[in-house]
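Colleague: Shown below is the structure under consideration.
Readers should treat all values here as calculations from the given coordinates under stated rules, not as data from a laboratory. All values reported here derive from a predicted model rather than from experimental measurement. Backbone-built Cβ (ideal geometry, glycine too); neighbour counts: all protein chains shown.
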Amino acid sequence: MILLIRRNLLAAMLMFSPLVASAITVAEQDALDGENKAWAESAVNLPAPPKKENLLSFYVSPTATIDFSVDAKSLSVDKDGVVRYTLVATSRTGATNISYEGIRCQSAEKKLYAFGQSDGRWSRARRDAWDVIRESGANRQHATLALEYFCEGGSVAGKAETIVERLRRKKPLR
């Protein structure tokens, strides 16, 4: 009798195991499909040149020899999850570099779209690639913006207006 029950149980397990395995495979595949949807970057329109009255400075480090500001009027949060902004870097001697950039919070990456020219025009960057944001080195300003103003837990930390207000009040996330 026990042998018969074991045989029937084994037969039932063998009969249903392909269904269970395929159900697991379908569920796993559905989860993977959700995670692997191709990310698509939104079209980028270059903003108006920055005006001094719209610049919001932010602190990078005590050893920084360059002052950094974001143009409040250029900051946007797009559907693709990228925070785009105009960055103004000013040296102690008054030399200024202007760039239009983006930070993707989900992947902790940055991208340079264009350089500002002295006549107010933009010159598109030749390199069209995303780079990992590093917390040390010469480009610490990107890590400061990402970690302290733009991103939280791999997501954008609010709407553009919220981020601008955070910069204006100098109230970092951490």
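Colleague: Near the amide H of residue 109, under 5 Å away, which other amide H atoms are found, from residues 5 or more places off or on another chain, if H is placed in the peptide plane?
Modeller: The list, which skips near neighbours in sequence, is 104, 133.
Colleague: Follow-up question, since we're still on this one. With the cut-off at 1.5 for a/c, could you classify the stretch 52-169 from its C-alpha gyration tensor as rounded, prolate or oblate?
Modeller: Since a/c stays below 1.5, the shape of the stretch 52-169 is classed as rounded.
Colleague: Another question, if that's okay. Sorted from fewest to most neighbouring beta carbons within 10 Å, what does the list 53, 152 look like?
Modeller: Numbers: 53 7, 152 15.
Least to most surrounded, the residues fall as 53, 152.
Colleague: Could you please rank 140, 169, 84, placing first whichever residue has the fewest other Cβ atoms within 10 Å of its Cβ?
Modeller: With the sparsest Cβ surroundings first, the list reads 169, 140, 84.
Colleague: What does the charge add up to near residue 116, with Lys and Arg as +1, Asp and Glu as -1, over the other residues with Cβ less than 15 Å from its Cβ?
Modeller: It works out to a net charge of +3.
Colleague: Go through 43-49, 88-94, 101-107, 144-150 and give me the packing order, highest mean Cβ count within 10 Å leading.
Modeller: Taking the mean over residues of other Cβ atoms within 10 Å, the ranking is 144-150, 101-107, 43-49, 88-94.
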